[in-house]
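Notes to accompany the following structure.
The values are calculated or read from the model by the stated rules, or taken from the named source; none is laboratory data. Keep in mind it's a predicted model, so treat the numbers as computed, not measured. Using ideal geometry, Cβ is built from the backbone for each residue, glycine included, and neighbour counts are taken over all protein chains shown. Ligands, DNA and RNA are stripped out before the accessible areas are found, and what is left, the full protein with its side chains, is counted by its heavy atoms. Shrake-Rupley method; radii C 1.70, N 1.55, O 1.52, S 1.80 Å.
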Amino acid sequence: MPASANPAPTNPEDNLSAPPLIISVSGLRGIVGKTLTPSVAMRYAAALHEHLAPGVVLIGRDGRTTGAMLASSIIAQLTALGRDCVDVGVIATPTIGVLIRERGAAGAIQISASHNPPPYNGMKLFGDDGRVIDARRGAAVKTTYDAITPKYVTHEAIGTIDWDSDPHAPHLRLVLDTVDQIAIRAANFRVLLDSNHGAGGILGRRLLEALGCDVTVQGEEPTGKFAHTPEPTLQNLSGVTSSVVKQRCTVGFCQDPDADRLALIDEKGRYVGEEYTLALCISRAMSNPVTRGPVVINAATSSMNEIIAKLHGQTCYRSAVGEANVAGKMLEVSATYGGEGNGGPMDPRVGYVRDSFVGMAAVLELMAKTGKRLSELVDEIERREIVKEKASIIGVDLSEVLERIEKHFSDAQADRNDGLRLAWIDRWLLVRGSNTEPIVRFIAEATTAEEAKALCDEAAKLVDQTS
């Protein structure tokens, strides 16, 4: 059949070689120019607009090269709908949560794909309370996105655009107020901060210098041209671990691109990781009467935090996975601290958003007050090991799989709050279906990695069995 002289325009979202646009309860994520286009971003912003009270909306972004383009598209859409906007530029995700409350904004959109590779970008949605929107509001926005026809205003009602000359100052002030600045300054810590050309270097340097640290920042400029794969894992940070040793640093802090996650490297160049970030922050919180109290973590976070809370006579609650769920549970039980094991502590005095800056300040205070090196503090924690596996469930009923696994592990305490969580005294197993792929994920923790893997493997064998 001959090609048409005027072929119909192609929709990048129809490119089957690209992963699908992922819309979750709190935002969306896709490949720019394929599944995430200006029109998609504008439509999603319009959907959020319908669910916010009157007032200004803040637009921020991490350092990705595509962020400015998406910000321009989103601002154009919102102002065309009559909504006033403030462009806060390159900013960390927890910072925009602080700014919402500081400015009394109706909400915000943070443009970021977190730790995904450079082709990706995304939009994280915030409400007027400075928190990532919860599942109920996220579902409502998604429904509107699927059905909306934007209602543009006429020229006299077009929204305004403003800019913030120093969007980082309120966040800096709040974090500093949570720690003993005098004690930290007296310690004269030498610190390496790896921001990997994301959004964290701007406030990161200001915070660490305000705390009297001798600071070296790698990847300080927020260009989005990552020096290494952006997720702050052991495999991706080998160059940073060696730099900590060469520069004789007390500690290495490693952020993801939007700076809501923090991984640690000790003075020996040992990758401590992200699970220990929260454990150390909770240890520090429990040692202070002001912050000693109930703790909230998610279903997939290490039991090290439960152990620490129990040592101080406090209850550690578990929420479903996701920072919005953790924040909601923290408010429900009046928690004094919380977070997720991916390096995301939450201090209510600063905000209910995962926060690498809160983590850095807390770890520095813990070292300053105890006089111990990071390696010593880590080795004092009763160690646990987490292993993660997955299996295909194509043609398999997930509910039947969960029933089969729960019945098989009948000696465990079962919880269906988020998939299936099975807990024993010294280990646990979480089984959750993916929201975006036909797979089931197994996350297990035990005293050794071998024991944790054995739990995952035993559960995985039950997936293919008929009921």
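General observations
- In the condition set (1) crowded, with 17+ Cβ neighbours inside 10 Å; (2) touching a residue at least 40 places away in the same chain (Cβ under 8 Å); (3) not in a loop (DSSP other than H, G, I, E, B), Ala139 is compliant with all but (1).
- Pair list, Cβ < 7 Å and 6+ apart or interchain, from region 202-216 residues that are touching a residue at least 24 places away in the same chain (Cβ under 8 Å) and within 18 Å of Ile182 (Cβ to Cβ) to residues that are assigned to a helix (DSSP H, G or I) and open to solvent by 50 Å² or more (accessible area, probe 1.4 Å): Leu211/Arg185; Gly212/Arg185
- Filtering region 386-403 to residues that are open to solvent by 30 Å² or more (accessible area, probe 1.4 Å), out of contact with any Ser or Thr (no Cβ under 6 Å at 6 or more places or on another chain) and not β-branched (Val, Ile, Thr) leaves Lys388, Glu389, Lys390, Ser392, Gly395, Asp397, Leu398, Ser399, Glu403.
To keep it simple, each residue is scored yes or no on (1) assigned to a strand (DSSP E or B); (2) under 18 Å from Ser112 (Cα atoms); (3) among the hydrophobic types (A, V, I, L, M, F, W, C).
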residue	(1), (2), (3)
Leu207	no, no, yes
Glu220	no, yes, no
Ala227	no, yes, yes
Pro232	no, yes, no
Val244	no, no, yes
Arg248	no, no, no
Asp258	no, yes, no
Leu264	yes, no, yes
Glu267	no, no, no
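- Restricted to region 284-317, and to residues there that are of a type in the set (D, E, K, R) and more than 20 Å from Lys369 (Cα to Cα), the residue that is least open to solvent (accessible area, probe 1.4 Å) is Glu306.
- Of the candidates Ala71, Ala108, Ala45, the single residue that is part of a strand (DSSP E or B) and at pLDDT 95 or above is Ala108.
- Residue within region 350-367 that is open to solvent by 50 Å² or more (accessible area, probe 1.4 Å) and charged (D, E, K, R) present: no
- Residue check for Arg421: closer than 30 Å to Leu21 by Cβ, in contact with an Asp or Glu (Cβ under 7 Å, 6 or more places away or on another chain) and not in a helix (DSSP H, G or I): yes
- Matching residues, region 309-334, being of a type in the set (A, V, I, L, M, F, W, C) and more than 19 Å from the chain's Cα centre (by Cα): Ala309, Leu311, Cys316, Val333
- Identity of the residue in region 318-344, hydroxyl-bearing (Ser, Thr, Tyr) and over 25 Å from His115 (Cα atoms), that ends up surrounded by the most Cβ atoms within 10 Å (Cβ to Cβ): Thr336
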